[in-house]
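One structure below.
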Amino acid sequence: MIFVVVGSLALGIKVAANMRGRLNALRDIERILSYLEGELRCRHSVLGEAFYNVAIKSREPYRRWLLELSEWVNPQENEYKEKFEDFYSLWCNSLIQLKDNTFLNSKDIGQLYDVGKALGYLDIESQQMNLNLERELLHNSIRELDKDIGTRMKNVIVMCFLGGIMTVIALL
């Protein structure tokens, strides 16, 4: 019976850690979008070079993700061009892989799909405006999540713990 209570408490702690991990992952993505915008605006980098420069500043798994994108948009790399029709299809595929390696959920990935719709297709100014807009939307999501995350994490842990106690009572 004690294992049920301890197991439910551990589940609550894991869910709370995932909530914190998602918030940190969103902050990392916001930082990456900010770096990309700076690369396009200030350094006037082409997209492949911008992805590479941002990858150098990023940690895993974002580094690997950005390096893959950088290789694909590089004109000398033909390996990826056979696999994907256009940049957006590569972007979507890479986001699915990124989701598997981070705490991002489907809603977050859906929000990031919109970033890839304009990258690589529009002029530099439009890409910058799109990145800025998406970064602001992401920032609002982060602010909304961050304002009460401590309380929500405590609630998840307590509810899981109480669920374990109720299960033990029901089994008696």
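The values are calculated or read from the model by the stated rules, or taken from the named source; none is laboratory data. What you see is a predicted model, and the numbers here were worked out from it, not measured in a lab. Every residue, glycine among them, receives a Cβ derived from its backbone with ideal geometry; neighbour counts consider all protein chains shown. Only protein heavy atoms, including side chains, enter the accessible area calculation; ligands, DNA and RNA are left aside. Shrake-Rupley method; radii C 1.70, N 1.55, O 1.52, S 1.80 Å.
Residue 165 meets each of the listed conditions (1) within 30 Å of residue 87 (Cβ to Cβ); (2) surrounded by 14 or more Cβ atoms within 10 Å (Cβ to Cβ) apart from (1).
Scanning segment 97-127 for residues that are open to solvent by 20 Å² or more (accessible area, probe 1.4 Å) and in contact (Cβ under 8 Å) with a residue 60 or more places away in the chain gives 102, 103, 105, 120, 124.
Within segment 128-157, residues that are closer than 25 Å to residue 38 by Cα and open to solvent by less than 50 Å² (accessible area, probe 1.4 Å) reach partners that are of a type in the set (Val, Ile, Thr) and part of a helix (DSSP H, G or I) with beta carbons closer than 8 Å, at six or more positions or on different chains, in the pairs 130/115; 131/115; 134/115; 138/29. Of all residues in segment 10-47, those that are open to solvent by less than 30 Å² (accessible area, probe 1.4 Å), over 20 Å from residue 116 (Cβ atoms) and free of Cβ contacts under 8 Å to residues at least 24 places away in the same chain total 0.
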